[in-house]
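Asks: The structure's right below; bear with me while I get my questions together.
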Amino acid sequence: MNTPRMTSWLAGPLVAVLGLSAVSAAESEAPERDYQVPLPEAPAGEATFTPPAERDIPDNQYGEMVRKGRDLFVNTQQLRGENVFNDQNCSNCHLDAGRLADSAPMWASMGVYPAYRGKNDKVNTMAERIQGCFTYSMNGVPPEYGSETLVALQTYFHWMATGAPINQSLPGRGYPGLEETGEAPDRGRGAEVYADQCAVCHGDNGQGQKVGERQVFPPLWGDGAYNWGAGMHRVNTAANFIKANMPLGKPYSLTDQQAWDVAAFINSHERPQDPRRRTLASVDETDEIFHQHMGFYGDEIDGQRLGDHDDYGENPR
């Protein structure tokens, strides 16, 4: 039974602690490495901050941009073919329109950026963080800096953080970290959990679910899913999210082992290629540089090597 790689992430934390940076791509032909260095963990305990109610959005130009950002966040598919090239919406991973604690709420992220991210080994602004989500989670093309789309999303996050402290990690930020159980995630057990708990919404084959033309539950693998560069393809990230938020409406109902197992099952399926693969010579090189973390990219599963393809989904770039 294949299990995701359990890798030592020592290099990334050392870079962050010492305040050093790897040689940038601008200074070298070598691409930046993808270290898994998370932001500092949120304080334990229930969320104490409550974002303002939607009825309190002001009736002025600022409020108009807040509403536009909210609408884009909930229905990101309206950018399909321009910035989005899969079947995802921002609110699929950030529940309740980005308001729900322990589901990476936007009110908690606004005050901690700019922040160092191991994913691209540099300090990122909030705008850059959003652009990265379009590149990977939406398998898309990031909106340009200063564009109405990017400004609207940032304005929506800014409004939700009204009254929240800055430079402070708040309870409820991110997905709560799930402790390892001492037993490796098992895809076979995860398939059983998926069939019992997940397929009713996400489909027997991970295809998601539509009502008419509207995607109401997102695909979890295949061309409509997040690509091999998205954070959610990491088994630990998916397990954290699943434990705290899934099945929908029943948070914390799965055991820790079930969350690990079903995350491994979901993320051991094919999905659009990591867009960083376009600039590299091989899957091996992409794996070595960008996938030294808990995931299945480059691994052989059921006789097929995951990521060994040129399928970028609908993304033309």
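The values are calculated or read from the model by the stated rules, or taken from the named source; none is laboratory data. Please read these numbers as outputs of a predicted model, since none were measured by experiment. Cβ placement follows ideal geometry from the backbone for every residue including glycine, while neighbour counts extend to all protein chains displayed. The accessibility values were calculated without ligands, DNA or RNA, using every heavy atom of the protein model including side chains. Shrake-Rupley method; radii C 1.70, N 1.55, O 1.52, S 1.80 Å.
Asks: Sort out which residues of segment 251-264 are outside any helix (DSSP H, G or I) and in contact (Cβ under 8 Å) with a residue 24 or more places away in the chain, and write them in order of number. First the steps, then the outcome.
Replies: Of all residues in segment 251-264, those outside any helix (DSSP H, G or I) come to 251-255.
If the condition is that a residue be outside any helix (DSSP H, G or I) and in contact (Cβ under 8 Å) with a residue 24 or more places away in the chain, then Pro251, Leu254 are the ones that fit.
Asks: Also: Name the helices (runs of 4 or more DSSP H) wholly within segment 53-138 that hold at least 2 residues that are under 20 Å from Thr162 (Cα atoms) and of a type in the set (Lys, Arg)?
Replies: Working: elements: 61-74, 95-98, 106-109, 126-136.
Output list reads 61-74.
Asks: Which of the residues that make up segment 263-289 are open to solvent by 10 Å² or more (accessible area, probe 1.4 Å), farther than 26 Å from Asp204 by Cβ and not aliphatic (A, V, I, L, M)?
Replies: Within segment 263-289, Pro275, Arg276, Arg277, Arg278, Thr279, Ser282, Asp284, Glu285, Asp287, Glu288 meet the criteria.
Asks: Further question on the same structure: How many of the residues in segment 223-240 are assigned to a helix (DSSP H, G or I), open to solvent by less than 20 Å² (accessible area, probe 1.4 Å) and either in contact with a Leu (Cβ under 8 Å, 6 or more places away or on another chain) or hydrophobic (A, V, I, L, M, F, W, C) (or both)?
Replies: Initially, segment 223-240 is screened for residues assigned to a helix (DSSP H, G or I), giving 231-233, 235-240.
So of that shortlist, the ones also open to solvent by less than 20 Å² (accessible area, probe 1.4 Å) come out as 233, 235, 238-239.
Now drop any that are not either in contact with a Leu (Cβ under 8 Å, 6 or more places away or on another chain) or hydrophobic (A, V, I, L, M, F, W, C) (or both), which leaves 235, 238-239.
So the answer is 3.
Asks: Mind telling me which of the residues Leu220, Leu248 ends up being touching a residue at least 24 places away in the same chain (Cβ under 8 Å), exposed (fewer than 14 other Cβ atoms within 10 Å of the Cβ) and not in a helix (DSSP H, G or I)?
Replies: Working: Leu220 fails: exposed (fewer than 14 other Cβ atoms within 10 Å of the Cβ).
Within the list Leu220, Leu248, the selection yields Leu248.
Asks: How many residues does segment 144-162 contain that are in a helix (DSSP H, G or I) and either within 18 Å of Asn75 (Cβ to Cβ) or open to solvent by less than 50 Å² (accessible area, probe 1.4 Å) (or both)?
Replies: Taking segment 144-162 as the starting set, the residues that turn out to be in a helix (DSSP H, G or I) are 148-160.
So of that shortlist, the ones also either within 18 Å of Asn75 (Cβ to Cβ) or open to solvent by less than 50 Å² (accessible area, probe 1.4 Å) (or both) come out as 148-157, 159-160.
Here the count works out to 12.
Asks: All but one of (1) at pLDDT below 95; (2) open to solvent by less than 40 Å² (accessible area, probe 1.4 Å) hold for Ser28; state the number of the condition that does not hold.
Replies: (2)
Asks: Now a separate question. Of the conditions (1) at positive phi; (2) in contact (Cβ under 8 Å) with a residue 40 or more places away in the chain, Glu180 fails just one. Which one is it?
Replies: (1)
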